[in-house]
Each structure stands twice: as structure tokens, then as C-alpha cells.
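Inspection log for the structure reproduced underneath, given as C-alpha cells.
The values are calculated or read from the model by the stated rules, or taken from the named source; none is laboratory data. Bear in mind the structure is a predicted one, so any value in this text is a computation, not a measurement. Note that each Cβ is placed from the backbone with ideal geometry, even for glycine, and that neighbours are counted across all protein chains shown. For the accessible areas, the whole protein counts, side chains as well, though only heavy atoms, and no ligand, DNA or RNA atoms are used. Shrake-Rupley method; radii C 1.70, N 1.55, O 1.52, S 1.80 Å.
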Amino acid sequence: MNAENPREPDVASLFAPVAMAETFAGVLGEAQVLGQLDDPVDAELWGSDLIGALASSAAGLSSLMDTLTKSLVPAAEAASTPEALALLRVFAAVGSPALRAAAGQAAERLHARDVADPPWAGAIGAPGVGDCWHYADVGGRQESLTMTFAYGDRQHAVSVLIDHGRGGGIRDTWVTKGAGLRADTEREAARDPLVVFEVIDAPAARLRLERAISVGECPEQPDQVDDVVAHRALLRARLDLLAARD
């Protein structure tokens, strides 16, 4: 979730581990926080964290997405509240392709019934793509890949730490908000002769991210495990966004 906003709930502690059917009322209740957000990426982070937490109680991410598509989406539509609509908008941005489609259609039906949309509804899931870069140690053991995006003038960067010593899987993932990250990173890299920095285009970044996701996750520290789980859905949504531009 967004570390810059401590008011957001600790979703993992609320929902793990319980039967999936028992989580729906709690999910809809926690979705009230979405109406207090004004930056689309904060809503995406909330949803990605939620999906990661719920995945720990399901039989895998694919099974969870199927359950959310077939059970939570209809429950949210039946609730027909602003919180339910906000939840559907989030799932339409960071869910699996099937969940995005089902949630998006349900959201449009609620909108047509004059249910109030959150302020970020029109933008979520479709940020502009900005600069991309990566840097690594000269030995090529670890690589940090960063892709920047923007909702209007609000920029954010999605970064992954790729561990080539463990097959090229994802060791850590994080999101940074604000402008100027590329210049700061390049400046810091220039001070270390053992670090190689390179600006790359979005298609090259997509290929590197796609390879890392296909290898799998390899976090080591507890905070890395939390980061990878919390950002997993957002990372895949951003990969799909980059792929759609090619």
C-alpha cells in the first residue's frame, strides 16, 4: 500500500487467513477509504495490496481472480453503493483480464444507475507512460528496473529489483511518487564506478519486466516479501499497459 498515507488500512491483517466467502462484507466495508483518495495510483495500490492479501487465503492467484470475478463483482454490483462502485473501478484497473472486464461492465451499470463515482474513476488504469531506465552492478548480479507513469501532472515510478544471481526473478518491488527520480538516480549512479546506468525505451522495459515476471518471485527479507505480494497485481497491470502500447 502507499507508505505515504498511514491512514490507509492494513488489509493483510484484516483478511488473512479466512475463508474467501467470509471476506466479502469486510472488503466492501474497507472500500470506504477509496472515496477519501484523490490520486488514482493510491487507489490502485490499495487494490493491489488487497488482492495480494486475499491471495494468501486462496488456492493461488488465478483461483482468487476467478472467485473475485464470479462472486465479489456480483456482490459489489448488488450492493449498489459508492463504495462498491469504487471497488469495481479498482478491480477494473488492477485485476486479471477477466476480472477487469467483469468489474468494468458492472461499474458502468452502477454508474448508469446514478451511483456516485470516486473522483479518480475517469483516469484509473490508464496513466501516461514516461521515462524508463535500469541500473545494475558491473558484475550483473542485480538489476533495478524503473518505469515511470503519470496521471496528469502526478507522476509515479514502478520499480523492481531483479536478482540475476537467482535466475532473474523479482526480489523486490516498490512505487515512488513525485518527479525528478530519473535525475536523482542517474546522479547517484554516476558517483559509483561499480554501477552501470542506462535509459531504455518502454518496449525494452516491458521485455525486461516480462522476463522477470515469467521467472517468478524470489524475495528474501520479510519486507521484500510484503512488497512483492502487495505490488504483484499493479505490476502485472502495468506490464499489460506497456504491452498494449507496442
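State yes or no: is ASP163 crowded, with 16+ Cβ neighbours inside 10 Å, among the acidic types (Asp, Glu) and touching a strand residue (DSSP E or B) at 6+ places or on another chain (Cβ under 6 Å)?
Taking the combined requirement at face value, the residue satisfies it.
Could you tell me which numbered condition ALA21 fails, if it satisfies all but one of (1) closer than 27 Å to HIS156 by Cβ; (2) modelled with pLDDT under 90?
(1)
Take ALA233 and tell me if it is out of contact with any helix residue (DSSP H, G or I) (no Cβ under 8 Å at 6 or more places or on another chain) and open to solvent by less than 40 Å² (accessible area, probe 1.4 Å).
Details: out of contact with any helix residue (DSSP H, G or I) (no Cβ under 8 Å at 6 or more places or on another chain): no; open to solvent by less than 40 Å² (accessible area, probe 1.4 Å): yes.
No, not satisfied.
So which pairs qualify, if the first residue must be in region 160-180 and aromatic (Phe, Trp, Tyr), the second must be outside any helix (DSSP H, G or I), the Cβ gap must be under 6 Å, and the two must be at least 6 apart or on different chains?
That search, which allows pairs on different chains as well, returns TRP174/SER159.
If I filter region 170-182 down to residues being among the hydrophobic types (A, V, I, L, M, F, W, C) and out of contact with any helix residue (DSSP H, G or I) (no Cβ under 7 Å at 6 or more places or on another chain), which single residue comes out as most open to solvent (accessible area, probe 1.4 Å)? Show your work before the answer.
Filtering region 170-182 for residues among the hydrophobic types (A, V, I, L, M, F, W, C) gives 170, 174-175, 179, 181.
With out of contact with any helix residue (DSSP H, G or I) (no Cβ under 7 Å at 6 or more places or on another chain) added as a condition, the list becomes 179, 181.
Details: ALA179: 79, LEU181: 47 Å².
In this case the residue turns out to be ALA179.
I'm trying to understand the selection: among the residues of region 196-223, which are over 21 Å from GLN155 (Cα atoms) and open to solvent by less than 40 Å² (accessible area, probe 1.4 Å)?
ALA212, ILE213, GLY216, CYS218, PRO219
If THR185 meets every condition in (1) modelled with pLDDT of 95 or more; (2) buried (at least 18 other Cβ atoms within 10 Å of the Cβ) apart from one, which number is that one?
(1)
Return the residues of region 227-239 that are among the charged types (D, E, K, R) and either modelled with pLDDT under 95 or in contact with a Gly (Cβ under 8 Å, 6 or more places away or on another chain) (or both); say none if nothing qualifies. Show your work before the answer.
Going residue by residue through region 227-239, those that are among the charged types (D, E, K, R) are 227, 232, 236, 238.
Of everything in region 227-239, just one residue is among the charged types (D, E, K, R) and either modelled with pLDDT under 95 or in contact with a Gly (Cβ under 8 Å, 6 or more places away or on another chain) (or both), namely ARG232.
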